[in-house]
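The structure appears right after this line, and notes come after that.
Read the figures in this text as sums done on the coordinates, not as results from a lab. In this text the structure is predicted, and so the values were computed from the model without any measurement. Quick reminder, even Gly has a Cβ in these numbers, built from the backbone with ideal geometry, and neighbours come from all protein chains shown.
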Amino acid sequence: MPTTTPLRAGGPALVQERRLVTEIPGPRSRELAARQAVAVARGVSTTMPVFAAAAGGGVVVDVDGNSLIDLGSGIAVTTVGSSAPAVVEAVQAQVAAFTHTCFMITPYEGYVAVAEALNAATPGDHEKRTALFNSGAEGVENAVKIARSFTRRDAVVAFDHAYHGRTNLTMALTAKNQPYKSGFGPFAPEVYRAPVSYPFRDGLDGVTAARRAIATIEKQVGVENLAALVIEPIQGEGGFVVPAPGFLPALVDWCRENGVVFVADEVQTGIARTGTMYASEHEGIVPDLVVTAKGLAGGLPLSAVTGRAEIMDAVHVGGLGGTYGGNPIACAAALATLDTVREEGLVARAAEIGDRVTARLRALQARDPRVGDVRGRGAMLAVELVDPATREPDAALTSAVAVAARAEGVIVLTCGTDGNVLRFLPPLSIPGALLDEALDVLDSAFAAAI
C-alpha cells in the first residue's frame, strides 16, 4: 500500500507512489518546455523533461499529475525530504518575522545558532568558527581565501576528477572540461592538480596513492608555496569515487607536517548523506576547514565554512561576508533541518539505505558484467558502467539506462568524468517499498538496454 507524507505543515498528504497518468513528458510539461526554450538561456540545461508541481517524502509530482520516484534529491539537497514539515514551519515563521536585514548590518540569532550547530557537528573537538555564504562554490572559494590569509601562501591543489563549482576560482579547481569549463577561461591562477585515489581504475592502496599525489605536489608546486589542499572525501560529479582506505589520513598527516590547510569539500557528502554526519568521519580524519552546503538547509540556499578558530580568525575584519550570506530564512531552514536529522535518526537511516541499495546493486553486478563497479557510502551510491571486454567507460549505456528509468517514472542522475556513472541520492525520507520499486525499474532498464 502506498504511504503518505505531509506535503506541507498542516497541509494535505502527498501519496508515496510511482504513478504515470500521461507519457513522460506530458502535455503541460511540453507546453512549459516550449516557453523555457524562448525565455531561459540555452546554457541552463535540465535533466528531466517534466516540470515539478509538488514534492515530498520520496516523490516528485509533475504538472501533469505524474508521480516520480526521486533518486536525486535535487543533487543531494533535499536530504530530509522536500517540504519537510519542520522546515516548512520554521521558514513560514521566519518569513512572517523578517526576510532580510543583512547579517553584516543588523545581525540576528539564527546565523549565530547555525554557526554554533556546525561548530559542534563538524569533525574534531577543537575550538571552531563558522562563516555562512550562499552556495557550495562560494563556500569553497571562501575556504581558499581563508587558507591563503592564514598561510600567506598562494598555491592551491585540487585533484583529478574533482568538482568544486562554477565560479571562476572553483572552475579552476574543477577537473572536467565539459560542460563546466569549456570556453570560460582564463581561470584563476595558482591552482594545481594531483592524482586522486581511484581504486577501480588505479588499483592502488591508499598509502601508495597518497605517496603518488604528494610526490606530484612536492615536485610541481612545492610545499613552501602551498596554502591549501582541497578535496572531496567522496568525489561527487567526478563519479562518486571513494578513495582507498588510508589515502585521506596520509594527506592530512602530510598537510599537518608542512603547514598546509586541509580543506574538506563536504558540499555533497555532508549532513548525514553518507551514513555519518560528515564523510570525513569514515576515515577518522579531522579537516582544518569543512565546507557544507547542499543538504544543510532543506532546499534553501545556504553554505558554510567551518574550521579551526586560529585559521578562520586569520582574516581581517570585514574580509568575509556578502549581502545574502546566512539569510535568516535559510538559517531557520537549516536549524529545522539539523533538528530533523537528529530527531528522525537520519544518520542511521542513510546507513540503512546504503545497505539496502548496495545489496541490490551488487546483485545486478553479479548478473550483468557491464556493471564494472559498485561504490559509495550510505545514501550516496553509484555504479560505473563499462564495456565488459575492454573495461572502457560506457557513457552510451549509462545514458540509455537513465533515460529508460526516467521514462518509467524514476529520477536517476548520471555523473563521472567519462559520463559512465549512474548515481543514487534518494532523500532519507523515502519509504523502503518505494526505494525497492525504483530499483526494480532500474533492473528492467538494464535488461532492456542491449
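Taking a ≥ b ≥ c as the square roots of the eigenvalues of the Cα gyration tensor, an a/c ratio of 1.5 or more together with a/b larger than b/c marks the stretch 332-394 as prolate.
In terms of its C-alpha gyration tensor, the stretch 41-82 comes out oblate, because a/c is 1.5 or above while a/b does not outweigh b/c.
Taking the Cα centre of the stretch 87-343 as origin and assigning +1 to Lys and Arg Cβ atoms and -1 to Asp and Glu Cβ atoms, the resulting dipole is close to 660 debye.
3J(HN,Hα) along the stretch 209-219, derived from phi through the Karplus expression 6.51 cos²θ - 1.76 cosθ + 1.60 where θ = phi - 60°, amounts to 5, 5, 4, 4, 5, 5, 4, 4, 5, 5, 7 Hz, with x in place of Gly and Pro. For the pair A41 and E343, the difference between a 0.36 nm per residue extended length and the Cα-Cα distance amounts to 104.6 nm.
A Förster radius of 30 Å combined with the Cβ-Cβ distance from E310 to A188 puts the calculated FRET efficiency at roughly 0.75. For the chain, a Gaussian network of Cα nodes joined below 10 Å ranks R370, R406, R152 by mean-square fluctuation, and the top entry is R152. Overall shape: oblate for the chain, with the ratio a/c of the largest to smallest alpha carbon gyration tensor axis at 1.5 or above and b/c at least equal to a/b. Excluding G239 itself, what net charge comes from residues whose Cβ is under 12 Å from its Cβ, given Lys and Arg +1 and Asp and Glu -1? Summing Lys/Arg as +1 and Asp/Glu as -1 gives -2.
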